[in-house]
Amino acid sequence: MFRILDRYLFFEFLKILVFSTLASISISIIVDLIEKIDTFLDHDALFTDVVLYYTYNVPYVAVLTLPAATLIATIFTIGQTVRNNELTAMKACGISLYRVFTPLFAAGLLVSVAAFLFGEFMVPDTNILRDDLYNREIVKRIKTEKGLKNMLVYKGEYGTIYSIDQYDIGKKSMEGVVIHRKTDTGDLVYRLDAAAADWEDGIWDFKSGYLRYFRNNRGYITMRFDQLRNRHFRETPEDFQEKQRKPYEMGYAELGKYIERMERSGKDTHKDMVHKAFKISFPFANLIIVLFGASLASTTRSSGGAVGLGLSLFIFMLFWGLIHVTKALGESGVLPPNPAAWLTNSIFCGCGLFLLFKARK
């Protein structure tokens, strides 16, 4: 009996989830199209480019609106069992409310994991393709980013500091290089002076310079070189570039590596750490939404379609508003990154557990 019940609730939930997700994506695209229609017309954008633009935008919108679709699916699934007195019959058979909700919790966990993987491996790439298409083909915006950086200073690993007269981003080469490393007490360990350096085969190839090793303020040893290849210099060309991608164009792992590079260079990474924390908390909000929605729907007697839809939209707007508030508090430094990312989930989880314990089992 339990297997039949689990399959019934699980597939009812998925069926409504697919429909509500498609509806959410369609509404979002229509709203965005209305906002951008003048831009498309003013720039004589091709119909195929517009279609491709929104095709690339679908994964991002799907992940963004998935909590709303999950909430609608949960409330409609449980609401249907309430209207048909199926929930009452299940309780009369001795099945607890916790057991009834088990397949929905499993589905919510599955949706959360899928949303995270989708956001990690697909959304960043499609966001880049979408923005590139919009700038290059639709609004004909030509990139003016310079390929040279002058007087660059970068803090690397283990106290290493790079001073570079000129760095060529495209060629991955540098001129006028000075690299020195100090201990935690400020003692100089070594200094490298090179006329130039090129990135070849995953290693820096320094040209024409000197390498000095210092011996605890007792002088130093000088080595002159025409070419020096040393794998101890672990910084890569990407480390010397300005931020190339926005947080929504990077996955959790890539954003984490970017934050590490920026911290080594002495830059403030607080906002990026907030975005990184939300890349975990937002996908798993789907599981919290299932808990809250199922608990609420089981206690609501007026669970008609219009009531369920209205209730879902109201709760999601409340959830979305809290997400924006806590994110702003995190970015401004009022809240640390992780509390800012998980506060809304914690509030809805607490409310869901309260409703669940209060419901008739």
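Here, each number is a calculation from the coordinates, and none is a lab measurement. None of these values were measured; they are calculated from a predicted model. A quick note on method: Cβ atoms are made from the backbone with ideal geometry, for glycine too, and the neighbour counts reach across all protein chains shown.
For region 157-234, the normalised intensity computed at q = 0.13, 0.25 Å⁻¹ comes to -0.40, -1.26 (log10 of I(q)/I(0), Debye sum over alpha carbons, equal scatterers, no solvent). May I ask which of LYS171/LYS246; LYS149/LYS246; LYS36/LYS246; LYS207/LYS246; LYS182/LYS327 have a Cα-Cα span longer than 31 Å here? Where the Cα-Cα span goes over 31 Å, the pairs concerned are LYS207/LYS246; LYS182/LYS327.
Taking Cα centre as origin and charging only the Cβ of basic (Lys, Arg, +1) and acidic (Asp, Glu, -1) residues, the dipole magnitude of the chain rounds to 1340 debye. Using a simple spin-label model with pseudo-atoms 7 Å out from Cα toward Cβ, HIS43 and ARG7 lie 5.1 nm apart. Hydrophobic long helices, here whole DSSP H runs in the chain with Kyte-Doolittle means of at least -1.0 and Cα atoms spread over 27 Å or more along the helix axis, are found at 2-42, 47-83, 97-121, 305-331, 337-358. Taking 18 Å as the straight-line reach from the Cα of LYS279, the aspartates and glutamates in range (excluding those fewer than 8 positions away in the same chain) are GLU120, ASP125, GLU249, GLU254, GLU260, GLU331.
Quarter the surface of the alpha carbon convex hull of region 1-82 and you get the mean projected area, 6.5 square nanometres. Available extension along the chain between ILE34 and ASN230 is 65.0 nm, counting 0.36 nm per residue and deducting the alpha carbon span. Summarising the label geometry, the points placed 7 Å from Cα in the beta-carbon direction at LYS271 and LEU353 lie 3.5 nm from one another. The stretch between VAL51 and TYR98 holds 12.4 nm of extra length on full extension. This uses 0.36 nm per residue minus the Cα-Cα distance. Our analysis of the chain gives Rg over Rh at 1.13, with the two radii drawn from alpha carbon positions and Rh computed by the Kirkwood formula. Say R0 is 25 Å: what FRET efficiency, to the nearest 0.05, do ASP125 and VAL18 get from their beta-carbon distance? The calculated FRET efficiency here is 0.60. Note on ALA89 and LEU309: the extension gain reaches 76.7 nm, defined as 0.36 nm multiplied by sequence separation minus the Cα-Cα distance.
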